[in-house]
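Undergrad: Please find one structure pasted underneath; my questions will follow.
The values are calculated or read from the model by the stated rules, or taken from the named source; none is laboratory data. Owing to the predicted nature of the structure, the values given are computational and were not obtained by experimental measurement. Cβ placement follows ideal geometry from the backbone for every residue including glycine, while neighbour counts extend to all protein chains displayed.
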Amino acid sequence: MTHIVIDPITRIEGHLKIEVVVEDGQVKDARSSGTLFRGIELILRGRDPRDAQLITQRICGVCPIAHAMASTLCLDSAFGTVAKIPDNGRIIRNLIFGSNFIQSHILHFYHLTALDYVDIAQLVNYEGGEAMLESIKAFIGRGQPGPFLPRYEGDYRLPPKVNQQAVAHYVEALAARRKAHEMLAIFGGKMPHQVGIVPGGVTQGPTIDKIAAFLWRLNELRDFISHIYIPDVLAVAQVYSDYFEIGAGCGNFLSYGVFDLDGSEADLTKRDRLLKGGLCSTDLVAHPLHPSKIREEVRHSWYADSSSGRHPSQGATEPQPGKPGGYSWLKSPRYEGQACEVGPLARMLVNYAAGNAAVRELVDSALSTLGAPPTALASVLGRHAARALECKLVADAMADWVLQLKPDAPAYVEYELPVEAEGMGLTDAPRGAIGHWISIKNGVIANYQAVVPTTWNCSPRDDRDQPGPVEQALIGTRVKDKENPFEIVRIVRSFDPCLACAIH
Amino acid sequence: MAKMTQEYPVVWLQCAACSGCAVSVLNSASPSIKNVLVDELLPGKHVNLRFHPTVMAASGEMAIQVMEDMARDLAGGYLLVVEGAIPTAMDGVYGSVGERNGQPVSMVECVRSLGQRALATIALGTCAAFGGIPAAKPNPTGCISVRDAFAAHGITTPLINVPGCPPHPDWFTGTIAHILLQGLPSPDDLDEHLRPRIFYGQLIHENCPRRAYFDEGKFAKKLGDEGCLYELGCKGPITHADCPLRHWNNGVNWVIGNHAPCNGCVEPGFPDITSPFYQKLQDVNIPRIGEYWQK
């Protein structure tokens, strides 16, 4: 019996420790542990409610828009503006949010994931003469190849030419994700931590020059997604195809839906969205989602047991470091007592189950290219494929939305700050379902709770000792080489963990 | 004969952070992040980023080993970049960087041991420079700045603060370029908060394109109105940064350019003194404000 502890898990956002027990080459037990607590929910108390969407963005610098949107929808619901946002405001919010989806997914595949599959060191043999690859060769030749070495060894399988191309694409992707943020800033002001999304709409309406500037950066990115990102995912999938049978996870999928197509419905779970919300399991039968059934449990988290099992609208954050039985700063969100996976795979499956034609076409086509059955989707590679396909879907939709903007129409609606109100904001971030809940008393924030995507995915065991989704994905995995446990890190990274988010 | 490249090893430590500073540096347009990581950033000089949890290939103890090897083998010869504030409450239990021999390595301990042996330290972002968001009231985890952490441990390693939430990538790459070309900044190059004057020497207010509106007393009353954003909460008059000149994200836009008020994110007072963000600055002596209302 061997304990493998990987702390820190690198190439994610934030601080995560993974511990597995391996017996006879197979993972028998797994623990996912978040190792940094900041207490943003506590910091929000007593503040002007309007500040929530700026402060909660600082929960995470990779996906601040997720928080800006969840918080702003939450404030809109508390301020009475949630069904009154003018179309320009709704569309610009979608464009800002979508730009970060594109950035986040490209960053994830190339800069967080790729080094598990792509061998940069091989470039020392490059003879092709192309300037950029020659510069990589020179860099390795200088003898200080950090941060690309050291690393696990023994399982880099891409053929040399494919590998070379992947390295070139890693570098191209650095520019692509930077451009996605530039595109975002056209309407968001700056990125990270944009300033455009506010309760009531957005700070600045569209102008014709912004529309054109945005559209052409978007077209460049759509090109990258279709001709570089998706083909690279498929190329890796074909060579590492055993990973369609590794990392299945809990098999329950949850999404609130994302990208409002119509802003007139006050109930966010009934709102028409590009990707709809709901639940499904691997049977691909769609079920509606009722946010009232969400609870956060803390038996194995470093929070007071007395605060366990509450709905987030009544939630509390009472840190208790060193609490016996606790092993993580993440709480355990559960839906009707079930652990649920969230993220691009959940969105694709929930929408596939609901009969979304565009999603079905994209997913079926990819499965057919790979010769993989639908059951293959709940896996390491299924997650990477879902993320890439979703990236294309979102980018293509954005090209339509930007042309729906009307330069002379309003982008913002005024409101009165309430003295007392409750609010809830639900949307889906690049990494999955995100919800913010607020309670306003005497005109200030009395309570604020966030349940964030990675909180679901990397949660520890709940009050019934049921492991969280990543823990379940690890249990049962065969580990070939305990000194180089590729399987473990490939599984964990397929979830695209964001720990600053998860704990907040 | 080719000249040997001079290597500048860098350890990038993430403490109580959101990674926004790292993402902002990835957004560097010129030099690109590829230029910074892979190329000789300036002729004959390579910035050798060996430890950075967000991008490095190594996981787990292998990664911690890289960090410890640098502190031991390159003592006095590496640059330490700290992103995020340092949680000190309860002996640093609220934040660990990793694990060594079955024990958590706390952020407090990492900053102390790496800071002590560094050639110089850059506190990147407002959290590292001043405490920032996690140190905001009620500061549940006892977060402090790198400067305060160094003072508490008697560490005298040269320190440069490059604040911002996040900082503009140019402020970081420009500070690195200064070190490569001219060595560490002299005390005159930095203000009282150890911020490079070249980037933080002037107020937003001094260079704001809406300054004429302010001087004429034309204030926007609600979002979308023309005019100065002072009454909508702009903290430009007390915020030292060159955003109006440099703009953000390769020049496409900036905060006030997007009709949003400046929230003072480079200041020691961010967020507690510069918020509420959408409420007018109170009790501040700004030239001309009193003059207008006295007319």
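Undergrad: Restricting attention to the range B:234-280, report how many residues are without any contact (Cβ under 8 Å) to a residue 12 or more places away in the chain, touching a Ser or Thr at 6+ places or on another chain (Cβ under 6 Å) and not in a helix (DSSP H, G or I).
TA: Residues flagged as without any contact (Cβ under 8 Å) to a residue 12 or more places away in the chain, touching a Ser or Thr at 6+ places or on another chain (Cβ under 6 Å) and not in a helix (DSSP H, G or I) within the range B:234-280 amount to 0.
Undergrad: If a residue has to be touching a helix residue (DSSP H, G or I) at 6+ places or on another chain (Cβ under 7 Å), farther than 20 Å from A:Lys270 by Cα and among the polar types (S, T, N, Q) to count, how many in the range A:56-103 make the cut?
TA: Qualifying residue count, the range A:56-103: 5.
Undergrad: Return yes when A:Val162 is modelled with pLDDT of 95 or more, buried (at least 18 other Cβ atoms within 10 Å of the Cβ) and of a type in the set (Val, Ile, Thr) and no when it is not.
TA: In short, no.
Undergrad: I would also like to ask the following. Could you go through the range A:115-124 and let me know if any residue there is within 11 Å of chain B (Cβ to nearest Cβ), closer than 26 Å to A:Met183 by Cα, buried (at least 21 other Cβ atoms within 10 Å of the Cβ) and hydrophobic (A, V, I, L, M, F, W, C).
TA: Pass one, the range A:115-124, residues within 11 Å of chain B (Cβ to nearest Cβ): A:115-116, A:118-121, A:123.
Cutting the leftovers down to closer than 26 Å to A:Met183 by Cα gives us none.
No, there is no match, as no residue in the range A:115-124 is within 11 Å of chain B (Cβ to nearest Cβ), closer than 26 Å to A:Met183 by Cα, buried (at least 21 other Cβ atoms within 10 Å of the Cβ) and hydrophobic (A, V, I, L, M, F, W, C).
Undergrad: Looking at A:Ala173, is it touching a Ser or Thr at 6+ places or on another chain (Cβ under 6 Å) and surrounded by 20 or more Cβ atoms within 10 Å (Cβ to Cβ)? Walk me through it before giving the result.
TA: Working: touching a Ser or Thr at 6+ places or on another chain (Cβ under 6 Å): no; surrounded by 20 or more Cβ atoms within 10 Å (Cβ to Cβ): yes.
Taking the combined requirement at face value, the residue does not satisfy it.
Undergrad: When you look at B:Pro167, is it in a loop (DSSP other than H, G, I, E, B) and without any contact (Cβ under 8 Å) to a residue 12 or more places away in the chain, yes or no?
TA: Numbers: in a loop (DSSP other than H, G, I, E, B): yes; without any contact (Cβ under 8 Å) to a residue 12 or more places away in the chain: no.
Here the answer is no, as B:Pro167 does not meet what is asked.
Undergrad: Could you pull out the residue among B:Glu61, B:Glu7 that is touching an Asp or Glu at 6+ places or on another chain (Cβ under 9 Å) and of a type in the set (Asp, Glu)?
TA: On the way: B:Glu7 fails: touching an Asp or Glu at 6+ places or on another chain (Cβ under 9 Å).
On inspection, the qualifying residue turns out to be B:Glu61.
Undergrad: Across the range A:456-491, what is the number of residues that are in contact with a Cys (Cβ under 8 Å, 6 or more places away or on another chain) and crowded, with 23+ Cβ neighbours inside 10 Å?
TA: Number satisfying all stated conditions: 5.
Undergrad: Can I ask one more? Tell me which residues, restricted to the range B:209-223, are within 14 Å of chain A (Cβ to nearest Cβ), crowded, with 19+ Cβ neighbours inside 10 Å and either in contact with an Asp or Glu (Cβ under 8 Å, 6 or more places away or on another chain) or of a type outside the set (Lys, Arg) (or both).
TA: B:Ala220, B:Leu223
Undergrad: Among the residues of the range A:4-29, which ones are touching a Gly at 6+ places or on another chain (Cβ under 9 Å) and assigned to a strand (DSSP E or B)? Don't jump to the end; show me each part of the working.
TA: Going through the range A:4-29, the residues touching a Gly at 6+ places or on another chain (Cβ under 9 Å) turn out to be A:4-10, A:13-18, A:26-28.
The answer is A:Ile4, A:Val5, A:Ile6, A:Glu13, A:Leu16, A:Lys17, A:Ile18, A:Gln26, A:Val27, A:Lys28.
Undergrad: Among the residues of the range B:78-99, write down those that are more than 7 Å from chain A (Cβ to nearest Cβ), on the phi < 0 side of the Ramachandran plot and more than 22 Å from the chain's Cα centre (by Cα). Quick ask: steps written out before the conclusion?
TA: Restricting attention to the range B:78-99, the residues satisfying the condition of being more than 7 Å from chain A (Cβ to nearest Cβ) are B:78-89, B:91-92.
Cutting the leftovers down to on the phi < 0 side of the Ramachandran plot gives us B:78-83, B:85-89.
B:Ala89, the sole residue that qualifies.
Undergrad: Under 6 Å between Cβ atoms, which residue pairs at least 6 apart in sequence (or on different chains) link something in the range A:200-216 that is on the phi > 0 side of the Ramachandran plot and within 11 Å of another protein chain (Cβ to nearest Cβ) with a partner that is buried (at least 16 other Cβ atoms within 10 Å of the Cβ) and in a helix (DSSP H, G or I)?
TA: These pairs meet every condition: A:Gly201/A:Gly89.
Undergrad: Give me the residue from the range A:1-18 that is surrounded by fewer than 19 Cβ atoms within 10 Å (Cβ to Cβ) and within 10 Å of chain B (Cβ to nearest Cβ) and, out of that set, farthest from the chain's Cα centre (by Cα).
TA: Residue satisfying both the conditions and the ranking: A:His3.
Undergrad: Residues in the range A:143-165 that are more than 14 Å from chain B (Cβ to nearest Cβ) and either assigned to a helix (DSSP H, G or I) or polar (S, T, N, Q) (or both): how many?
TA: Of all residues in the range A:143-165, those more than 14 Å from chain B (Cβ to nearest Cβ) come to A:157-165.
When the remaining residues are screened for being either assigned to a helix (DSSP H, G or I) or polar (S, T, N, Q) (or both), the result is A:160-165.
Residues flagged as more than 14 Å from chain B (Cβ to nearest Cβ) and either assigned to a helix (DSSP H, G or I) or polar (S, T, N, Q) (or both) within the range A:143-165 amount to 6.
Undergrad: Any residue at all in the range A:176-191 that is at positive phi, in contact with a strand residue (DSSP E or B) (Cβ under 6 Å, 6 or more places away or on another chain) and assigned to a loop (DSSP other than H, G, I, E, B)? Walk me through it before giving the result.
TA: Start the filter on the range A:176-191 by keeping residues that are at positive phi, which leaves A:189.
Adding the requirement that they be in contact with a strand residue (DSSP E or B) (Cβ under 6 Å, 6 or more places away or on another chain) leaves A:189.
With the extra rule that they be assigned to a loop (DSSP other than H, G, I, E, B), the set shrinks to A:189.
Yes, there is a match, as at least one residue in the range A:176-191 is at positive phi, in contact with a strand residue (DSSP E or B) (Cβ under 6 Å, 6 or more places away or on another chain) and assigned to a loop (DSSP other than H, G, I, E, B).
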